[in-house]
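Taking it in order: structure first as structure tokens, then the write-up.
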Amino acid sequence: MSYASKLTTFGASALLATAVAVASAPAQAERINSAQLISRSLDAFLNCASWDLTGGCVWYRWKCGWTGCRLKLTTTLKVEHYVPDVTFQTYKNAQETPWKETGAILAGAQAEYDGSIISTILSAMGSGVDELGGGGGTESKAASHSNMTFNLVDAFGNPANSVLGQFASFSPIGGVCKSRLSAYYPYYISNLDTVAWRFGVPEMIYLESLNPFGSLLGTQDFNYGGFYPRVGHSTNHDELKESALTTFRAAHFVSRRSQAHIYTTISSEDNVNRRKKEGYHGLKTGDQGAISLTAGKWQQVSPAAETSCNYMPLPISSINPTDGKSNYRSDDGHYVWNLWRRYECCKKPSGWSYWLHF
């Protein structure tokens with residue numbers, strides 16, 4: 001082979017290697033603001049909502065005059081669709097949150113890096129404030145190896161629902177259900193749940209936690225790991241899987257009541273208790289909003305601005321770097337996810353009282 005041919009072959013190989021390296025490189029770090037979060041949530045609405053017309057609601061009122069009273073009835077449409085209810089963020093740097101505005105909320109709740117509450121908890125557990133941040137494991141000696149990582153996870157009401165609520169208010173027939181949650185409200189802050197989230201008390205002694213083949217996020221053939229114990233630690237070689245797994249763990253107990261964590265539940269204990277002022281409205285009857293492998297859909301907001309939703313786990317590979325998910329992997333461990341839950345609703349006509357739905 002001539003020198004020129006060898007040079008051409010070498011150049012082609014170098015270009016191919018560069019292309020593979022670029023394709024497998026993780027997405028650049030970003031810190032999104034609320035405007036970006038709202039925009040990306042709304043961009044995914046048409047693909048994620050799965051809007052269905054499922055029936056109607058009957059409303060009544062009495063019309064009385066000199067000749068007596070008559071019962072008048074009317075109906076409105078009942079619809080069901082997914083709503084971007086809650087936004088979760090996972091991160092390893094306790095001093096920098098992926099969603100910018102939440103930093104002020106954490107500071108107000110004394111849940112920032114060196115908050116007095118957190119310092120007191122860590123001191124009581126025999127740890128220093130320098131152990132508050134997340135990150136990877138450390139090697140105590142040359143012969144040991146640890147792939148244990150720790151993620152901080154927070155959950156807030158998604159402000160995009162305020163925008164969606166305006167569509168419901170202006171529409172004459174409804175057609176858009178509102179979230180029952182409050183925008184920006186911190187439903188879960190892992191730093192305030194330090195004992196359970198960091199030290200696994202009492203999660204580590206649950207029967208589900210002691211079974212290595214139970215409670216898998218996925219199937220036996222393809223899974224991200226067990227979602228019990230529901231703590232911030234995981235052993236994985238893929239940060240995307242770590243983020244998804246710890247996010248799912250937090251959503252699992254936040255969407256239930258009376259769990260051994262410090263949080264405000266997003267479950268609906270009584271689906272009959274709707275927002276009477278607005279009409280028949282709430283989480284779809286029967287599920288109470290509890291998250292499982294087939295209840296609740298997920299959208300990655302950052303680093304990938306996804307415009308579709310999936311059930312967990314996402315179909316990805318940690319073996320093949322060109323699995324098409326490189327832009328889903330952050331280069332600094334910052335991730336933001338939307339949890340979409342299914343709601344049903346009927347718009348209430350002015351001056352009418354709810355009777356029944358069908």
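The values are calculated or read from the model by the stated rules, or taken from the named source; none is laboratory data. Given the structure is predicted, the values throughout are model-derived calculations rather than measurements. Don't worry about glycine lacking a Cβ; one is built from the backbone with ideal geometry, like all the others, and counts go over all protein chains shown.
Structure summary
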| item | result |
| --- | --- |
| Flag if Thr76 is closer than 30 Å to Ser190 by Cα, part of a strand (DSSP E or B) and of a type in the set (S, T, N, Q) | no |
| Failed criterion for Asp238 (all others in (1) touching a Phe, Trp or Tyr at 6+ places or on another chain (Cβ under 8 Å); (2) at pLDDT below 90 hold) | (1) |
| Candidates Ala94, Ala21, filtered to the one that is of a type outside the set (Asp, Glu) and either at pLDDT 90 or above or loosely packed, with under 14 Cβ neighbours inside 10 Å (or both) | Ala21 |
| Failed item in (1) at pLDDT 80 or above; (2) surrounded by 21 or more Cβ atoms within 10 Å (Cβ to Cβ), with Ile262 passing the rest | (2) |
| Lone qualifier among Tyr228, Tyr187 - being over 30 Å from Lys348 (Cα atoms), touching a helix residue (DSSP H, G or I) at 6+ places or on another chain (Cβ under 8 Å) and at pLDDT 90 or above | Tyr228 |
| Evaluation of Ala250 against (1) hydrophobic (A, V, I, L, M, F, W, C); (2) under 23 Å from Ala160 (Cα atoms); (3) at pLDDT below 90 (one fails), failing number | (3) |
| Qualifying positions in the stretch 215-245 - among the basic types (Lys, Arg) and either farther than 26 Å from Ile205 by Cβ or part of a helix (DSSP H, G or I) (or both) | Lys241 |
| Meets criteria (assigned to a helix (DSSP H, G or I), modelled with pLDDT under 65 and surrounded by fewer than 17 Cβ atoms within 10 Å (Cβ to Cβ)) for Leu46 | no |
| Selection count where residues are out of contact with any helix residue (DSSP H, G or I) (no Cβ under 6 Å at 6 or more places or on another chain) and either buried (at least 21 other Cβ atoms within 10 Å of the Cβ) or of a type outside the set (Val, Ile, Thr) (or both), scope the stretch 231-249 | 13 |
